């Protein structure tokens, strides 16, 4: 081998190696570096300010409190002797006026449904009915009311239930347990029980 041939062979080898090393980088184009968007300390949240509470003057407050007082209920206790009971009457009880309902939270306007199963002058009789209904699987509670004659009564209510249909389906069983025929489902607002 001559020296010129050796130099050509060495030059060709260097060019091929340079092509193998650098040509892929040239043909690949610009490289993109992927960075994580992870931050060690998160950005400070935007401060939106503090809501100011509404101030209600004293006269408006007392007016609203008077409107929320439960109205007198014309109910007769179930545990009085039969001679003292007046003839049966259907009575509709309205606890809040429409003006108060419109000012109140609309989500509480129809907060639940209950069935009033009786009102008793003696708390022991009301507690006995509550125990009987709870044993039968009903959710019950009592509420103290005053009827139109000024007599303090303890009402027994079944519920509250969010779906009216569920209580309507249970009316037949309630009528059988209590022996009362005229049980109806009525609206119940938690503000009544103050």
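Bear in mind that the values in this text are calculations on the coordinates, not laboratory data. This one's a predicted model, so the numbers in the text were calculated from it and none came from an experiment. Glycine gets a Cβ as well: all are built from the backbone with ideal geometry, and neighbour counts include every protein chain shown.
Based on the Cβ-Cβ distance of residue 62 and residue 38, what FRET efficiency does E = 1/(1 + (r/R0)^6) give at R0 = 45 Å, to the nearest 0.05? Computed FRET efficiency for residue 62 and residue 38: 0.20. Sorting 63, 30 from the fewest to the most surrounding beta carbons within 10 angstrom yields 30, 63. The range 1-66 and the range 126-194 have Cα centres separated by 65 Å. Ranked by the mean number of other Cβ atoms within 10 Å of their residues, highest first, the peptides 148-155, 123-130 come out as 123-130, 148-155.
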